[in-house]
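Okay, so here's the structure we're looking at.
Readers should treat all values here as calculations from the given coordinates under stated rules, not as data from a laboratory. Note that this is a predicted model, so its numbers are computed, not measured. Every residue, glycine as well, gets a Cβ built from its backbone with ideal geometry; the counts of neighbours run over all protein chains shown.
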Amino acid sequence: MEIVRSLAERVVSNVESVIIGKRGVVEFTLLALLCQGHVLIEDVPGTGKTILARAVARSIGCKFKRIQFTPDMLPSDVTGVSMFNQKTHEFEFREGPVFAQIVLADEINRATPKTQSALLEAMEERQVTVDGEVHPMDKPFLVLATQNPIEYEGTFPLPEAQLDRFMLRINMGYPDKQSEISILGAQQFAHPISALQQVVSQEELLEAQETVKQIYVDDSIKEYIIELTTATRNHPDVYLGVSPRGSLALYRTGQALAAIRHRDYVIPDDIKYLSEPTMAHRLIISPAARIKNIDPKEVIDDILSTVPVPKAQVS
């Protein structure tokens, strides 16, 4: 467990020197990285979404690429394309920007669903198939996607299959007054990200990813996770509940959270803390509930208050 704790402290402290006053957001991103998941960051412009992705990539020394999504993009602009080489008289595959270890899908909802779907195989299977040929992704592989929740002009809602592939959805939020004053001072002469150094090796990260899987999860905790996800499927205000992939996301992030909080076992509070970021974006609220302005957070709060919490067992 020590490697996970040490890695988490170094990465979070390093990123916090750039993303000031947002420790929780940085930790959520690290959880996804430890669980080999992906993150959807939904917030207004200027809150540091892009800088967060760059800071994480620099901290772990990973290859970073940014894809600026626009309505006229094609799937091949993301995955790459096979081109005919006049010299060799053979087709050669030219990699698209998705072939990186940290991929920033900036304003992902500005691309058409056809282009958004180019990420589906890469996010789930860590590979891209072009012209029948499979091209594996490098490890580690993390997609950090951003979207603006305010603008609707020229945007396309993310399909359910795309949303379900994001392990976590988080909000940056505005910094508090003191943090924003610190941001002004830190950027007086240059942006602090230019001086950010690598603090973790890729080998350490891959080892930590395997170590997290060893965290103990009691059967009562597993049952609690399933009861929560099942409750979303049967809730009167929900049209489509959390998928089994959502249950697995809650399970894996629970293991990672326990590890960075210096425990080798998961407790119910871990699951409750992670319920909203792992489940809210997977819920589709029924039309009748939307008329009443009921949102996924309210549904999850209601479920957490009604599903019994497993009690400690005395051996």
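Brief remarks follow.
- Restricting 122, 105 to residues that are outside any strand (DSSP E or B) and either buried (at least 21 other Cβ atoms within 10 Å of the Cβ) or without any contact (Cβ under 8 Å) to a residue 24 or more places away in the chain (or both) narrows the list to 122.
- Qualifying residue in the stretch 25-33 (condition: without any contact (Cβ under 8 Å) to a residue 60 or more places away in the chain, over 19 Å from residue 274 (Cβ atoms) and not basic (Lys, Arg)): no
- Filtered by the rule that a residue be more than 24 Å from the chain's Cα centre (by Cα) and closer than 28 Å to residue 274 by Cβ, the stretch 184-196 gives no residues.
- Helices (runs of 4 or more DSSP H) completely within the stretch 1-73 that count 2 or more residues being closer than 18 Å to residue 106 by Cα: 23-34, 49-60
- Among (1) touching a residue at least 12 places away in the same chain (Cβ under 8 Å); (2) more than 26 Å from residue 2 (Cα to Cα); (3) surrounded by fewer than 18 Cβ atoms within 10 Å (Cβ to Cβ), the one test that residue 189 misses: (1)
- Comparison of 300, 291 shows that the only residue that is surrounded by fewer than 16 Cβ atoms within 10 Å (Cβ to Cβ), among the aliphatic types (A, V, I, L, M) and under 22 Å from residue 237 (Cα atoms) is 291.
- The stretch 245-283, residues that are more than 17 Å from the chain's Cα centre (by Cα) and either charged (D, E, K, R) or loosely packed, with under 15 Cβ neighbours inside 10 Å (or both): 261, 262, 263, 264, 265, 269, 270, 272
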